[in-house]
Amino acid sequence: MLTPTLQTARLILRPLSLADAPAIQRGFNNWNVIRNLAAVVPWPYPPDGAETFVRLQLDRIAAGEELYQWVLALRDGDGEAIGNIHFRPRMDSTKGHRGFWLAEPYWNRGLMSEAVAAVNDFAFGPLGLDQFTVCNVASNIASRRVKQKTGAEFVGFIEVAHHNGETRSEHGSCGARRGCNAKKSNALPPEIVGATRSPSRQAPPAQTPAAPPAAGCGRRRQ
């Protein structure tokens, strides 16, 4: 199945295209975005990082991999990509089946929760899935809130290295029978609900690039 265009009250989720590379480069090349991603993501982000990422994803889709890649655009905007969601329903990975990020100027508006709800509906509707897994670094409160708002349930902790120096990650499950997309106050363990983000806002020393932004647990942010 090709990646469909999805619409919400404020967003259009459309299939990723090579024309989105410049906007992705501008939005993703930001330490505040990347700091909560898995350490396999390149940092510093290379000048051609977005184009490399887009071409790789499109090649995988063309080769027949079941991979859904959306960019987010505001319905009342100019159509420019402001974020990204990927969904790999058959991927066997501790990092989960879904990942997302949103450009910093659009944080704290509930946009990612809106987008994730649309992707969940696609997963449990047209794709016919019963459940899938999700993941975020434990200190990423914003990513956790997205999962809470869209009905994901906490399963346990796993170890995944992230750019902010943390490895403790929350592993969750989203299931159609459990009403994923319904708000749940008990979606995550009470002992970490009050966790704070890592206080450091400074980028670490340069690391050797290992992969484009499609990889990673705990994409950032609501």
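Considering just Cα atoms, how many Å³ per residue does the convex hull of region 3-82 enclose? Let's see the in-between values first.
Working: hull volume 8.7 nm³, N = 80.
Cα convex hull per residue, to the nearest whole number: 109 Å³.
If you plug each phi of region 142-158 into the Karplus form 6.51 cos²θ - 1.76 cosθ + 1.60 with θ = phi - 60°, what whole-Hz ³J(HN,Hα) values come out, in order, with x for Gly and Pro?
5, 5, 4, 5, 4, 5, 4, 5, 10, x, 5, 10, 5, 10, x, 9, 10
Residue-wise, which Karplus ³J(HN,Hα) couplings in Hz belong to region 7-23, taking 6.51 cos²θ - 1.76 cosθ + 1.60, θ = phi - 60°, and x for glycine or proline?
Listing the rounded values in order: 10, 10, 4, 10, 10, 10, 9, 10, x, 4, 9, 4, 5, 7, 4, x, 5 Hz.
What accessible area per residue, rounded to a whole number of Å², is obtained for region 83-122 using a probe radius of 1.4 Å?
Numbers: 1360 Å² over 40 residues.
Computed with neighbouring chains in place, this is 34 Å² per residue.
Using the Karplus curve 6.51 cos²θ - 1.76 cosθ + 1.60 with θ = phi - 60°, work out ³J(HN,Hα) for each residue of region 78-83 in order, rounded to whole Hz, and write x for Gly and Pro.
Whole-Hz 3J(HN,Hα) from phi for region 78-83: 9, x, 5, 5, 10, x.
Could you tell me which of rounded, prolate or oblate describes region 1-149, using a ≥ b ≥ c as the square roots of the eigenvalues of the alpha-carbon gyration tensor, with rounded for a/c under 1.5 and, failing that, prolate when a/b is larger than b/c and oblate otherwise? Walk me through the numbers on the way to the answer.
Numbers: a/c = 1.16, a/b = 1.10, b/c = 1.05.
Verdict is rounded for region 1-149.
Counting only the heavy atoms of the protein chains, how much of Ser93 is accessible to a 1.4 Å probe, in Å² to the nearest 10?
Only protein atoms counted, so the area is about 40 Å².
Magnitude of the Cβ-charge dipole of region 11-138, K/R +1 and D/E -1, about the Cα centre, nearest 20 debye? Write down the numbers at each step before the final one.
Details: 11 positive and 14 negative charges, 49 e Å.
Dipole about the Cα centre, nearest 20: 240 debye.
Using a probe of 1.4 angstrom, how much of the accessible area of region 1-153 is carbon and sulfur, in percent?
Values: 3050 of 5910 Å².
Summing carbon and sulfur atoms, their accessible area is 52 percent of the total for region 1-153.
If DNA, RNA and ligands are ignored and the probe is 1.4 Å, what is the ranking of Leu56, Leu129 by accessible area, most exposed first?
Numbers: Leu56 60, Leu129 20 Å².
Sorted descending by solvent-accessible area, the residues read Leu56, Leu129.
The values are calculated or read from the model by the stated rules, or taken from the named source; none is laboratory data. Quick caveat, the model's predicted, so the values are computed rather than measured. Because the Cβ atoms are built from the backbone with ideal geometry, glycine has one as well, and the counts that use them run over all protein chains shown. Accessible surface is based on the protein model in full, side chains and every heavy atom, while ligands, DNA and RNA are left aside. Shrake-Rupley method; radii C 1.70, N 1.55, O 1.52, S 1.80 Å.
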